[in-house]
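What follows is one structure encoded as structure tokens, with my remarks underneath.
The values are calculated or read from the model by the stated rules, or taken from the named source; none is laboratory data. The model shown is predicted, which means the values in this text are computed figures rather than measured ones. Every residue, glycine as well, gets a Cβ built from its backbone with ideal geometry; the counts of neighbours run over all protein chains shown.
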Amino acid sequence: MMASPRLWLACSIGIIAGLLINAIHPNFDQVLTDIGWAFQAARDLLANRDPYRHPVSPNLVPYPLTAAIVVMPWALLPDNLGIMLFFGGSSALLAYGLLRDGQYWRLIVFVSPSYFLALRTVQWSPLLMAVFFFPMLAPLLLAKPTLALPVALTMRWNRYALIGTGVIVGLSLLVMPDWPVRWIAQTGQYQGFIPVFTWAGPLLLTSLFFWRNRQARILFLLTITPQHYFFYDQLLLWMIPQTRRQMLILTLTAWIGILSTWHKHPSLWYSEPYLLMFVYLPALLIVLWQQASVQRVMVFLMMRMRLF
């Protein structure tokens, strides 16, 4: 049986992403940030070393030990191969999930600045976004439980996802019973922001009025989630657009935001106002746009019913 175009396309995207990771970061398996930290922690566990022994700084905030358990199978592979396969596989899964209804325009996600930065810095967000489409992957949310909140509270859980999540938590506690205390003690230097506590917070809170709408729930839950300033944590917002036009608008405004930041500031540490103005507020407007469309349809149906 021949593979479907959907599968071929998803695999192609995954292969390209993995090769780009290796081209950009040929030694990322030795880096102590983000996915690199998880790989190092997994190898520390295998070598009977303390994964939380490294000095903490704003650029090195450790992850929960569950992140090391999640990547353990890939950490067994030599050099950068495991990270290439892990990120490439995450991208392939995300592409396959996005194409489940044959809506190829959803692949615009892969030219968004959020995916670009996730690839550039080797982040978890493509994997977390893929879990929306594959609930059995829910245990992988334990790699970054803060950012996983919008996914965990909007996805459809099943018993296999619950069992797998419990197994990973149990394994981490079996390996190092005191890791939660040690991890929390080292997170004090985390530098990020929570959108709802910014000047845009009152506006973003209006998404609560449409809580029954899944896209509105994703937006609200992400606004109460601690996140970084570097655009990659906001990739989950690309679950909100439901048409090609909405996806293009969010992608274009986000590029305006990141290019404006680079133009006016030396780094993305100063991107908070641009994220709010060019990513979060457009996402909110898209949610309101969707709600207005639904209301127009309901009014139309009610008028038709009255005719009969």
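Within region 69-103, which residues are of a type outside the set (A, V, I, L, M, F, W, C), closer than 20 Å to Trp37 by Cα and in contact (Cβ under 8 Å) with a residue 12 or more places away in the chain? Break it down stepwise before answering.
Step one: filter region 69-103 for residues of a type outside the set (A, V, I, L, M, F, W, C), giving 73, 78-80, 82, 88-91, 96-97, 100-103.
Now narrow it down to the ones that are closer than 20 Å to Trp37 by Cα: 73, 78-80, 82, 88-91.
Selection gives Asp79, Asn80, Gly82, Gly88, Gly89, Ser90, Ser91.
For region 103-120, state whether one or more residues are in a loop (DSSP other than H, G, I, E, B) and over 21 Å from Ile256 (Cα atoms).
Narrowing region 103-120 to residues in a loop (DSSP other than H, G, I, E, B): 103, 112.
From the residues that got through so far, the ones that are over 21 Å from Ile256 (Cα atoms) too are 103.
Yes; the residues of region 103-120 include at least one that is in a loop (DSSP other than H, G, I, E, B) and over 21 Å from Ile256 (Cα atoms).
So that you can scan it fast, the table gives a plain yes or no per residue for (1) at pLDDT below 95; (2) of a type in the set (S, T, N, Q):
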{"site": "Ala75", "(1), (2)": "yes, no"}
{"site": "Ala95", "(1), (2)": "no, no"}
{"site": "Arg106", "(1), (2)": "no, no"}
{"site": "Phe110", "(1), (2)": "no, no"}
{"site": "Tyr115", "(1), (2)": "no, no"}
{"site": "Thr121", "(1), (2)": "yes, yes"}
{"site": "Met129", "(1), (2)": "no, no"}
{"site": "Ala138", "(1), (2)": "yes, no"}
{"site": "Leu141", "(1), (2)": "yes, no"}
Residue tally, condition surrounded by 15 or more Cβ atoms within 10 Å (Cβ to Cβ) and either over 30 Å from Gly102 (Cβ atoms) or not β-branched (Val, Ile, Thr) (or both), over region 12-39: 17
Some residue of region 208-215 being within 15 Å of Ile286 (Cα to Cα), over 15 Å from the mean Cα position of the chain (by Cα) and assigned to a loop (DSSP other than H, G, I, E, B): yes
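Within region 266-282, is even one residue outside any helix (DSSP H, G or I) and under 19 Å from the mean Cα position of the chain (by Cα)? Show your work before the answer.
In the first step, residues of region 266-282 are kept if they are outside any helix (DSSP H, G or I); the result is 266-267, 271.
With the extra rule that they be under 19 Å from the mean Cα position of the chain (by Cα), the set shrinks to 271.
Yes: region 266-282 contains one or more residues that are outside any helix (DSSP H, G or I) and under 19 Å from the mean Cα position of the chain (by Cα).
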Single residue of region 165-197 satisfying the filter (in contact (Cβ under 8 Å) with a residue 12 or more places away in the chain, part of a helix (DSSP H, G or I) and hydrophobic (A, V, I, L, M, F, W, C)) that is farthest from Thr225 (Cα to Cα): Val175
Test: residue in region 232-253 that is modelled with pLDDT of 95 or more, among the basic types (Lys, Arg) and surrounded by fewer than 17 Cβ atoms within 10 Å (Cβ to Cβ): yes
Residues of region 96-149 that turn out to be touching a helix residue (DSSP H, G or I) at 6+ places or on another chain (Cβ under 9 Å) and of a type in the set (Asp, Glu), as a count: 0
Qualifying residues in region 168-201 (those that are surrounded by 13 or more Cβ atoms within 10 Å (Cβ to Cβ) and among the aromatic types (Phe, Trp, Tyr)) - the one nearest to the chain's Cα centre (by Cα): Phe193
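May I ask you to list the residues in region 56-85 that are in contact with a Gly (Cβ under 6 Å, 6 or more places away or on another chain) and of a type in the set (A, V, I, L, M)?
First, the residues of region 56-85 that are in contact with a Gly (Cβ under 6 Å, 6 or more places away or on another chain): 74-75, 84.
Result: Ala75, Met84.
Let's see how each residue does on (1) under 17 Å from Gly188 (Cα atoms); (2) surrounded by fewer than 16 Cβ atoms within 10 Å (Cβ to Cβ); (3) over 23 Å from the mean Cα position of the chain (by Cα); (4) of a type in the set (Lys, Arg):
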residue	(1), (2), (3), (4)
Leu7	no, yes, no, no
Ala10	no, no, no, no
Ala41	no, no, no, no
Asp44	no, no, yes, no
Extreme residue, nearest to Arg217 (Cα to Cα), among residues of region 150-164 that are assigned to a helix (DSSP H, G or I) and touching a helix residue (DSSP H, G or I) at 6+ places or on another chain (Cβ under 6 Å): Pro150
